[in-house]
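The values are calculated or read from the model by the stated rules, or taken from the named source; none is laboratory data. All values reported here derive from a predicted model rather than from experimental measurement. Quick reminder, even Gly has a Cβ in these numbers, built from the backbone with ideal geometry, and neighbours come from all protein chains shown.
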Amino acid sequence: MTTKSPADSRPLSPFMLGSYYRFQWTSVLSFAHRLTGLGLSLGSALLAVWLIALAGGPQWYGAVAAHVQAWYGQVLLFAWTFALMYHLCNGIRHLFWDIGRGFELKTAQYSGYAVVVVSLLLTAAAWALACFR
Amino acid sequence: MSLRSPLSRARGLGSAKHGVHHFWVQRVSAVALIPLALWFVFSVALLAAKGGSFDAVRYWASYPSVAVTLVLFLAAAAYHSALGVQVVIEDYVAGEGWKIALLVFSKFTHLLIAVAGIFAVLKLALA
């Protein structure tokens, strides 16, 4: 027996984007947290592939390294670094909210600026270390 | 007819015990991942700075303290990721069938990633 409950025909979460919803700085950061989280989930699969190739020997590792060193690999790796740093910094912001701190509108906006700046700095630091050391 | 009150039946069931479990382990794994993720990114950046040759990376990954930390990172990341993707699926997938199918697929895939990644590290470390 399959009967549709009223809940089934209700619109689901992202329906209000665009037509009913005005974007704000803080909500954009919130979407970005989910998006980077999903991106990092895909990244964890690539991390496993990298380690498996490493365990597989020089030929496997070389095959993966060729993709990592190609332009698209480097672009992906840079995006991945920033996604990780952003998700990490914004995650700390979320942890402060979880203990009830930083909810005031001004504080939430400024902590959002801080998250973006610090995650950019951490990304730059990692790539500077990799490229110029 | 049962003489038990609804309250006595509800006690110890469902969210009466497990309601905050997902919320809590998501935060605990997040806290664990702060040092682990920073360590991983800057370690790999250092490896890249030294050229990232197969021998150098293998030597690094098979070093006992590195191997242990890599296993912890893989386990925490896969667990945290599985919890996060679960919430995204629950929030945005409308059909009950699709939702359950995707949830199971996500859990299996995350388990595969964790087991395969950890196996690779152990193979390197114990070789």
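Miscellaneous remarks
- Criterion (hydroxyl-bearing (Ser, Thr, Tyr) and either surrounded by fewer than 20 Cβ atoms within 10 Å (Cβ to Cβ) or over 21 Å from B:Ala45 (Cβ atoms) (or both)) met by exactly one of A:Ser111, A:Ser119, A:Ser44: A:Ser111
- Within segment B:63-76, at least one residue is more than 9 Å from every other protein chain (Cβ to nearest Cβ), surrounded by fewer than 17 Cβ atoms within 10 Å (Cβ to Cβ), of a type outside the set (Ser, Thr, Tyr) and more than 14 Å from B:Phe40 (Cβ to Cβ).
- Set A:Gly18, A:Gly43: member being within 29 Å of B:Glu96 (Cβ to Cβ), of a type in the set (Gly, Ala, Ser) and either at pLDDT 70 or above or in a loop (DSSP other than H, G, I, E, B) (or both): A:Gly18
- Some residue of segment B:4-23 being within 22 Å of the chain's Cα centre (by Cα) and either within 9 Å of another protein chain (Cβ to nearest Cβ) or at pLDDT 95 or above (or both): yes
Residue-by-condition table, conditions (1) farther than 30 Å from A:Leu121 by Cβ; (2) assigned to a helix (DSSP H, G or I); (3) among the charged types (D, E, K, R):
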| residue | (1), (2), (3) |
| --- | --- |
| B:Ser65 | no, yes, no |
| B:Leu74 | no, yes, no |
| B:Ala120 | yes, yes, no |
| B:Lys123 | yes, yes, yes |
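- Residue match in segment B:89-103 (condition: in contact (Cβ under 8 Å) with a residue 40 or more places away in the chain, within 9 Å of chain A (Cβ to nearest Cβ), in contact with a helix residue (DSSP H, G or I) (Cβ under 8 Å, 6 or more places away or on another chain) and in a helix (DSSP H, G or I)): no
- Residue satisfying condition, being free of Cβ contacts under 8 Å to residues at least 40 places away in the same chain, out of contact with any strand residue (DSSP E or B) (no Cβ under 7 Å at 6 or more places or on another chain), in a helix (DSSP H, G or I) and closer than 23 Å to B:Val28 by Cα, within set A:Val75, A:Val68, A:Val118: A:Val118
- Any chance B:Val85 is more than 18 Å from A:His33 (Cα to Cα) and modelled with pLDDT of 90 or more: no
- Across segment A:50-93, the qualifying residues are those that are surrounded by 14 or more Cβ atoms within 10 Å (Cβ to Cβ) and of a type in the set (S, T, N, Q), and the one among them that is farthest from B:Leu122 (Cα to Cα) is A:Asn90.
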